[in-house]
């Protein structure tokens, strides 16, 4: 009975998460399409220069405490309150620190505009710090539909503000205003919808268990952040804001499926897997179902991005942004590996091995860093290639380490993930490439290519027995 209830919660949560993340994906897509026609590449490059450096503060602001409280089987009222005050205090401190660092950041790049950008963005740390445990409470309650709304609505408002700003004022201020509105709107909705209010600090209540797990997770995320943003910092120093703007747009398109569809599945996967971590059969079933969804979706989306890169960039960003297309194609390969990396991430967190994951990241993240540095002499395409190669090697090492650290066999998962990419991703790339070569008109090529890819995916799901079984498993779990 417990597994049936959890199965319904997992699939209901997956459905709600997918729905709202799809809405957010549409909103972000509109943001890319509309703002690219209202702003210059240099505007994106300037904001990227600042956020690549100060963004690490967002991880320190959270300190892994939101996931720590979600992963925990029980959390008392006093513990929740103490976690709230710690996150709020860290957010306030980071706001002051980042505000003070605005001048040095501007001097590093030699761009005085970065002072105002950094000053404004500094306040997002305080706002998000206050919001952290309200959002975690919604997640703990498995209210995934509410959580999705609380994230999508501020994004819609932020986009509207950015468009109005870009039309009437112009410049990078539109992107800064968008970030502030999204953070502020998110805080208001999280507070209104959480059904919880913090009490005062309880000195008698220890939260050491959360700090241990959260600190290790924050360390892991910080190392991952450095490898994900080192390319932006180095390119900002080496090639300037315009080429960095091209790279940033390609990179943002690639991370859209990760941030809006695959990575948010962790909100469903981690609490569900944590509750069945001692039930081997149920754990394996949920894990394989999650991998099929995450890797399959990523293979199709990134396959389309690679095969139809040129017509898609012309349609989405406009003809003036065509240098983004080859960057997008190369970076899309890294997107597939990063989506595949969600599986060992779930393993580490659901089984409470954040410390082991942190130690692995200390050893393995330099693989990605070396790839970025090796590609830098070859410009934006060289860096993009280094990123993709680095993430491929990192994924293999991560799966092997997860097997040892969590005592979960991953050999079958590795082969299954590669098979999914081969069955869905590779043919989709070939279809898109062929259509792009045969049809010169961008709109027609994109339409025909997407239709062809979807038709192929539908046929593959219908005729390949292992994937038919995956679909039957999903339907069976839904009925439980």
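Determine whether the stretch 299-310 contains at least one residue that is assigned by TED's automatic domain parsing to the domain that holds residue 418, over 26 Å from residue 461 (Cα atoms) and in contact with a helix residue (DSSP H, G or I) (Cβ under 9 Å, 6 or more places away or on another chain). Step through it out loud before you land on a result.
First, pick out the residues of the stretch 299-310 that are assigned by TED's automatic domain parsing to the domain that holds residue 418: 299-310.
In the following step, the residues that additionally are over 26 Å from residue 461 (Cα atoms) were identified as 310.
Checking the rest, the ones that are also in contact with a helix residue (DSSP H, G or I) (Cβ under 9 Å, 6 or more places away or on another chain) come to 310.
Yes, the stretch 299-310 contains at least one residue that is assigned by TED's automatic domain parsing to the domain that holds residue 418, over 26 Å from residue 461 (Cα atoms) and in contact with a helix residue (DSSP H, G or I) (Cβ under 9 Å, 6 or more places away or on another chain).
Per the listing 180, 157, 175, 147, the residue uniquely under 23 Å from the mean Cα position of the chain (by Cα), surrounded by fewer than 22 Cβ atoms within 10 Å (Cβ to Cβ), part of a helix (DSSP H, G or I) and touching a residue at least 40 places away in the same chain (Cβ under 8 Å) is 180.
Taking the stretch 100-115 as the range and being in contact (Cβ under 8 Å) with a residue 24 or more places away in the chain and either in a helix (DSSP H, G or I) or in contact with a strand residue (DSSP E or B) (Cβ under 8 Å, 6 or more places away or on another chain) (or both) as the test, the residues that pass are 105, 108, 109, 113, 114. In the stretch 235-246, the residues that are buried (at least 24 other Cβ atoms within 10 Å of the Cβ) reach residues that are not in a helix (DSSP H, G or I) with C-beta atoms within less than 7 angstrom, at least six apart or across chains, in these pairs: 246/323.
Any idea which residue in the stretch 442-470 is modelled with the lowest pLDDT, counting only those that are under 15 Å from residue 293 (Cα atoms) and surrounded by 14 or more Cβ atoms within 10 Å (Cβ to Cβ)? My answer is 470.
Residues of the stretch 313-328 that are surrounded by fewer than 24 Cβ atoms within 10 Å (Cβ to Cβ) and part of a helix (DSSP H, G or I): 314, 315, 316, 319, 320, 321, 325, 326. Looking at the stretch 318-334, can you tell me whether even one residue there is in the same structural domain as residue 401 (by TED's automatic domain parsing) and within 28 Å of residue 405 (Cβ to Cβ)? Within the stretch 318-334, one or more residues are in the same structural domain as residue 401 (by TED's automatic domain parsing) and within 28 Å of residue 405 (Cβ to Cβ).
Is the stretch 317-327 home to any residue that is under 20 Å from the mean Cα position of the chain (by Cα) and closer than 24 Å to residue 426 by Cβ?
First, pick out the residues of the stretch 317-327 that are under 20 Å from the mean Cα position of the chain (by Cα): 327.
Add one more test, that the residue is closer than 24 Å to residue 426 by Cβ, and what stays is 327.
Yes: the stretch 317-327 contains one or more residues that are under 20 Å from the mean Cα position of the chain (by Cα) and closer than 24 Å to residue 426 by Cβ.
Could you say whether any residue in the stretch 54-74 is outside any loop (DSSP other than H, G, I, E, B), outside the structural domain of residue 245 (by TED's automatic domain parsing), modelled with pLDDT of 75 or more and crowded, with 18+ Cβ neighbours inside 10 Å?
yes
Determine, yes or no, whether residue 94 is in contact with a helix residue (DSSP H, G or I) (Cβ under 8 Å, 6 or more places away or on another chain) and either at pLDDT 85 or above or on the phi > 0 side of the Ramachandran plot (or both). Against the criterion (in contact with a helix residue (DSSP H, G or I) (Cβ under 8 Å, 6 or more places away or on another chain) and either at pLDDT 85 or above or on the phi > 0 side of the Ramachandran plot (or both)), residue 94 qualifies.
In the stretch 401-422, the residue that is nearest to residue 332 (Cα to Cα) out of those that are free of Cβ contacts under 8 Å to residues at least 60 places away in the same chain and buried (at least 16 other Cβ atoms within 10 Å of the Cβ) is 414. Scanning the stretch 342-353 for residues that are within 18 Å of residue 222 (Cβ to Cβ) and surrounded by fewer than 24 Cβ atoms within 10 Å (Cβ to Cβ) yields 345, 353.
The values are calculated or read from the model by the stated rules, or taken from the named source; none is laboratory data. Here the structure is a predicted model, which means the values were calculated and not measured. Quick reminder, even Gly has a Cβ in these numbers, built from the backbone with ideal geometry, and neighbours come from all protein chains shown.
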